[in-house]
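Some notes on the structure that comes next.
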Amino acid sequence: KPELLNKLTKDERNLVLYNLAVFCFNKQSYDDAGRLMRRWLTEFSFDKRYDSVLYMSGVTQNHLKHYQEAVIEFTKLQKLNKKDRIYYESMVDKGEAYFLLLEYGSAIRSYESYLANDVTSERKQEALLQLGNAYFNIKRYEKAYRNYLKYESLYGSSGMIEQKIAETLLKKKDFDEIQTYFGKKSKQEAYPFFVYLYSCFEREDYQAIINQK
């Protein structure tokens, strides 16, 4: 309760607010975590943990679907310019907020800034996939395709990534590349297989269709 917190000394209030906020964050009680963090950030902006609380606050706002508020928190964090793990990982979360706001150009810049860093690669898989998705959503299909290929080369083939590649190449109407890429696959999901057969018809490659039985 605020009245109880006000009776504490500043140092005591710092400790209680911080630990309560972290507890609520870890329990995924994001409404409570957000309120506690807002007060802590207002009172203790010179604390050495300020950047980590800003990060948790931004993540909390993303969970609450307050994406514009999340962008504001991550921007404040990045202005501290610490260039540490939290600084770079906030770019992935900020990219996600922009992505969900349909601001794909800003999302792309955030993901690319993260992928260019040499401090942490812990969230590279997530960032690379979302970078491809952002390019796809702004109809930059060649860029999307190149990122999906890079994702596949690093993390292996899967039905998910093959479907994204199939959709991208179909949007490009790159029937030659569809046959080159999927012609080498021994197993395919239903949709990529349909795209492959469609490309064969478009190229009048009936022998390839016969070969598929």
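Over region 13-56, one equal point on each Cα, no solvent: what is log10 I(q)/I(0) by the Debye formula at q = 0.16 Å⁻¹?
So the normalised log intensities are -0.32.
Taking 35 Å as R0, compute the FRET efficiency from the Cβ-Cβ separation of residue 8 and residue 117 and round it to 0.05.
Result of the calculation: an efficiency of 0.35.
Would you be so kind as to identify which of 68, 114, 21 lies farthest towards the positive end of the dipole of the chain, taking Lys and Arg as +1 and Asp and Glu as -1 on Cβ and the Cα centre as origin?
About the Cα centre, the residue reaching furthest to the positive side is 21.
For region 70-140, state which GluC sites (Glu not before Pro) are in a DSSP loop and have at most 10 other beta carbons lying within 10 Å of their beta carbon.
Here no loop site has a sparse enough neighbourhood.
Suppose R0 equals 45 Å. What FRET efficiency, 1/(1 + (r/R0)^6) with r the Cβ-Cβ distance, do residue 84 and residue 172 give to the nearest 0.05?
The formula returns an efficiency of 0.70 here.
Tell me, what HN-Hα J-couplings in whole Hz come from the Karplus equation 6.51 cos²θ - 1.76 cosθ + 1.60 at θ = phi - 60° for each residue of region 63-72, using x for Gly and Pro?
Ordered by residue, 3J(HN,Hα) equals 5, 7, 6, 9, 5, 5, 5, 4, 4, 4 Hz.
Keeping all protein chains in the complex and leaving out DNA, RNA and ligands, what accessible area do you get for residue 167 with a 1.4 Å probe, in Å² to the nearest 10?
Ignoring ligands and nucleic acids, residue 167 comes out at about 60 Å².
Given the pairs 94/187; 94/164; 76/172; 79/124, which span a C-alpha to C-alpha distance of over 29 angstrom in this model?
Exceeds cut-off: 94/187; 76/172.
Working from Cα positions, state the angle (0 to 90°, nearest 10) between the long axis of helix 159-172 and the longest principal axis of the chain.
Taking the Cα atoms of the chain, the angle to 159-172 is about 70 degrees.
So how much slack lies between residue 63 and residue 150, counting 0.36 nm per residue of separation and subtracting their Cα-Cα distance, in nm? Don't skip to the end; give the middle numbers.
On the way: separation 87, 0.36 × 87 = 31.32 nm, distance 2.88 nm.
Answer, rounded to one decimal: 28.4 nm.
At 1.4 Å probe size, with no ligands or nucleic acids counted, give the accessible surface of residue 75 in Å², nearest ten.
Counting only protein heavy atoms, residue 75 exposes about 40 Å² to solvent.
Which of the lysines could a cross-linker bridge to residue 7, judged by Cα under 24 Å and excluding same-chain residues fewer than eight apart?
The qualifying lysines are 48.
On a C-alpha basis, how far is the centre of region 28-98 from the centre of region 165-200 in Å? Whole number, if you could?
Taking the Cα centre of region 165-200 as reference, the centre of region 28-98 is 42 Å away.
Working from Cα positions, state the angle (0 to 90°, nearest 10) between the long axis of helix 10-26 and the longest principal axis of the chain.
30 degrees
Rank 180, 60, 42 by accessible area, highest first, at a 1.4 Å probe radius?
Sorted by accessible area, descending: 42, 180, 60.
Quick one, which of [x] 49, 19, 17; [y] 30, 21, 18; [z] 48, 15, 13 is the actual semi-axes √(5λ) of the Cα gyration tensor in Å calculated for this model?
[z]
Would you kindly find the accessible area of residue 71, with a 1.4 Å probe and non-protein molecules such as ligands, DNA and RNA excluded, rounding to the nearest 10 Å²?
My reading of the accessible area for residue 71 is about 10 Å².
What number comes out for the charge environment of residue 40, summing +1 per Lys or Arg and -1 per Asp or Glu over other residues with Cβ under 11 Å away? Please report the intermediate quantities before stating the final value.
Values: positive: 13, 35, 38, 39, 49; negative: 43, 47.
Charge balance near residue 40 sits at +3.
Find the relative contact order for the chain and round it to a whole percent, using C-alpha pairs within less than 8 Å whose residues are 6+ positions apart.
9 percent
The values are calculated or read from the model by the stated rules, or taken from the named source; none is laboratory data. All values reported here derive from a predicted model rather than from experimental measurement. Heads up, the Cβs are rebuilt from the backbone with ideal geometry, glycines too, and the neighbour counts pull from every protein chain shown. These accessible areas exclude ligands, DNA and RNA; they are computed on the full protein's heavy atoms, side chains included. Shrake-Rupley method; radii C 1.70, N 1.55, O 1.52, S 1.80 Å.
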